[in-house]
Amino acid sequence: MKVSKNLNFDAAYAELQKILSDLQSEQVSMEQMREKVIKSNELIKFCKDKLRNISDEINASLNHEDADLN
Amino acid sequence: MFNNPSISLYNLNEYIRRVVALNFQDSIWISCEIASFRESRGHAYLEVIEKPSPDADIIAQASAVIWRTQLNSIYKKLGGEQESALQPGREILVKVKVDFNERYGLKLIIEDMDLSFTIGKLALQRAETIRDLTAKGILLKNKMLPIPNVIQRIAIISSPTAAGLQDFVRQLEDNPYGYAFKSNLFPSAMQGASAAPEVCAQMEEIASRGDFDVIVIIRGGGGKVDLADFDHPNIAIQISKSKIPVLTGIGHDIDESVADLAACRSLKTPTAVSEFIIQRNMEFEAAVLFTYQKIVSSVSQLLQFHVNSMDVIQQNLRWVLENRIRNTAQALNQLSSQIKYISKVGLEKWSTKLSSIQELIAQIAPDSQLKRGFSWTEINGRRVSAQNIPRVKDELTSFTNEFVITSVLTKIAKNESK
């Protein structure tokens, strides 16, 4: 189960929360749980990458503005 | 009728001639006034009279003659002033031989003439004229008229043959400043009995034309008796009536004529008049140039002032703009670092959330539970729970870290420790 390329951070995060609440419920099988954990790890990696990109973009953009003004 | 003793007219006249000849053997000096004067074939024929005062009736009259020889020597003595000295109205002192001719009657033969008497009489007459004209305010009238600052249209009263006229016109035309003049000559006799009436007539003609800046009355130098022609009160009166300023250059160094006294400005010679006119125009031009210079310098000062204030305004504008830009840049930088900070904090928050989710999931993940020794029991593919309670003899599937155990339920009870 691969993470979709069209996925955005908010959707990924919402899915993560859904997985967490699913996992916390008692209605999932061992196999389902294993799949959800794997999915959650992919989502977390996606979100972390996204966060890092956003941070880099913000820094680059703000530093660029600084250079223009000074 | 014929008894009365008588003599013939000839006898009578011959007798009178002898009486006269006997009593007037020598020539005598007499004073009289010329009533008329005419020349014929080199001889001069005069009527001389005497009046107790200028306006009184004639009390004595005689015919006089100056024979050619005497006339020539008198002319020589008068030195060119004969026309003025021997005109009607002049009082003269002459040496006469009293002659009586049987046919032509009494005749005074003039042999000599004393010019100084005429001049003296003229001086008295002149003083009388000046007194009279002064009392009537006539001498001041033309002086009250303003002379235009620029004189260009000039009415000249002069004799076309006068040397002074040529000098005057040439000097005007050759003026070093290149001023243009429009002069009209109004010809008039400048000496003799006709001078006064002709000058007056031309002044009236000029007045009727009207478009002149000044009237100039000029003639070349003349004698003292000549000058007397311009003492005639009529000229002064005509000048006083003029609405145009009159400049005279009648050409006498010592004395001023009555016309000079009545004129707005009297100058010695025609060239002095032209110099005066040129000088006046030059002064006006200089004043105009001076004013122009003043305007130019005021304007350039004003311009400089505005240029300077423009510079100041520009400087201020630049300063304000630079200030504004600097302040805005500062604010933006501040904003930028705030955004940077806030986004960093935000990102960290997200990061933390992700980490805690990851941790939670890791804890929940079955592998980690099993590793820690817990087992996981399912019935029919679902975890055993309060919602999924197995019954005795049901087949259970249990997961441990190492094994998957299938068993049959023999007994089930509630976990009392919970």
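The values are calculated or read from the model by the stated rules, or taken from the named source; none is laboratory data. Computed from a prediction, not measured in an experiment: that's the story for all the values here. Please note: Cβ atoms are built from the backbone with ideal geometry, for glycine as well, and neighbour counts cover all protein chains shown. SASA here: full protein model, heavy atoms, side chains in, ligands and nucleic acids out. Shrake-Rupley method; radii C 1.70, N 1.55, O 1.52, S 1.80 Å.
Got at least one residue in the stretch B:254-264 being over 30 Å from B:LYS77 (Cα atoms), open to solvent by 10 Å² or more (accessible area, probe 1.4 Å) and not charged (D, E, K, R)? Yes, there is a match, as at least one residue in the stretch B:254-264 is over 30 Å from B:LYS77 (Cα atoms), open to solvent by 10 Å² or more (accessible area, probe 1.4 Å) and not charged (D, E, K, R). Within the stretch B:263-275, one or more residues are aliphatic (A, V, I, L, M), in contact (Cβ under 8 Å) with a residue 60 or more places away in the chain and touching a strand residue (DSSP E or B) at 6+ places or on another chain (Cβ under 7 Å). Screening the stretch B:181-273 for strands (runs of 3 or more DSSP E) wholly inside it with 3 or more residues that are over 17 Å from B:LEU145 (Cα atoms) returns the ranges B:182-187. Can you list residue pairs whose Cβ atoms sit under 9 Å apart, with the first residue in the stretch A:15-38 being at the interface with chain B (Cβ under 9 Å from one of its Cβ atoms) and outside any helix (DSSP H, G or I) and the second being surrounded by 12 or more Cβ atoms within 10 Å (Cβ to Cβ) and among the hydroxyl-bearing types (Ser, Thr, Tyr)? Count only pairs 6 or more apart in sequence or on different chains. If the second residue must be surrounded by 12 or more Cβ atoms within 10 Å (Cβ to Cβ) and among the hydroxyl-bearing types (Ser, Thr, Tyr), the pairs left are A:GLU26/B:SER385; A:GLN27/B:SER385. Highlighted here are the helices (runs of 4 or more DSSP H) found entirely within the stretch B:94-173 that include at least 3 residues which are under 21 Å from B:SER31 (Cα atoms): B:115-135. Of all the numbered requirements in (1) within 30 Å of A:LYS39 (Cα to Cα); (2) of a type outside the set (Lys, Arg); (3) surrounded by 12 or more Cβ atoms within 10 Å (Cβ to Cβ); (4) modelled with pLDDT under 85, B:LEU335 misses one, and that requirement is (1). Among the residues in the stretch B:66-85, are any open to solvent by less than 50 Å² (accessible area, probe 1.4 Å) and assigned to a loop (DSSP other than H, G, I, E, B)? Yes. Is it true that B:THR406 is open to solvent by 80 Å² or more (accessible area, probe 1.4 Å), assigned to a loop (DSSP other than H, G, I, E, B), of a type in the set (Ser, Thr, Tyr) and out of contact with any helix residue (DSSP H, G or I) (no Cβ under 8 Å at 6 or more places or on another chain)? In short, no. The set of residues from the stretch B:71-117 being at pLDDT 85 or above and acidic (Asp, Glu) comprises B:GLU91, B:ASP99, B:GLU102, B:GLU111, B:ASP112, B:ASP114. Quick one: is B:ALA272 open to solvent by less than 50 Å² (accessible area, probe 1.4 Å) and within 30 Å of B:SER242 (Cα to Cα)? Criteria met by B:ALA272.
Can you tell me which residue is nearest to the other protein chains (Cβ to nearest Cβ) among those in the stretch B:381-398 that are over 12 Å from A:MET30 (Cα atoms) and free of Cβ contacts under 8 Å to residues at least 12 places away in the same chain? Only one residue fits best here, namely B:SER385. Cβ separations smaller than 6 Å between residues 6+ apart or across chains give the following pairs from the stretch A:41-56 residues that are at the interface with another protein chain (Cβ under 8 Å from one of its Cβ atoms) to residues that are hydrophobic (A, V, I, L, M, F, W, C) and open to solvent by 60 Å² or more (accessible area, probe 1.4 Å): A:LEU51/B:TRP350.
Taking residues in the stretch B:345-366 that are more than 8 Å from chain A (Cβ to nearest Cβ) and over 29 Å from B:VAL404 (Cα atoms), and partners anywhere that are surrounded by 12 or more Cβ atoms within 10 Å (Cβ to Cβ) and polar (S, T, N, Q), not one pair has Cβ atoms closer than 9 Å while being at least 6 places apart or on different chains. Please verify whether the stretch B:175-195 includes one or more residues that are more than 24 Å from the chain's Cα centre (by Cα), open to solvent by 60 Å² or more (accessible area, probe 1.4 Å), farther than 23 Å from B:GLN279 by Cα and modelled with pLDDT of 90 or more. Within the stretch B:175-195 (the criterion being more than 24 Å from the chain's Cα centre (by Cα), open to solvent by 60 Å² or more (accessible area, probe 1.4 Å), farther than 23 Å from B:GLN279 by Cα and modelled with pLDDT of 90 or more), the answer is yes, since at least one residue qualifies. If the condition is being open to solvent by 50 Å² or more (accessible area, probe 1.4 Å) and either over 59 Å from the mean Cα position of the chain (by Cα) or within 15 Å of B:VAL98 (Cα to Cα) (or both), then the stretch B:22-44 contributes B:LEU22, B:ASN23, B:PHE24, B:GLN25, B:ASP26, B:ILE28, B:TRP29, B:SER31, B:ARG41.
Within the set B:LYS243, B:LYS344, B:LYS294, the sole residue that is closer than 30 Å to B:GLU204 by Cβ and open to solvent by 90 Å² or more (accessible area, probe 1.4 Å) turns out to be B:LYS243. Would you confirm, using the coordinates I've provided, whether B:LYS107 is among the basic types (Lys, Arg) and open to solvent by less than 60 Å² (accessible area, probe 1.4 Å)? For B:LYS107, the condition - among the basic types (Lys, Arg) and open to solvent by less than 60 Å² (accessible area, probe 1.4 Å) - is met.
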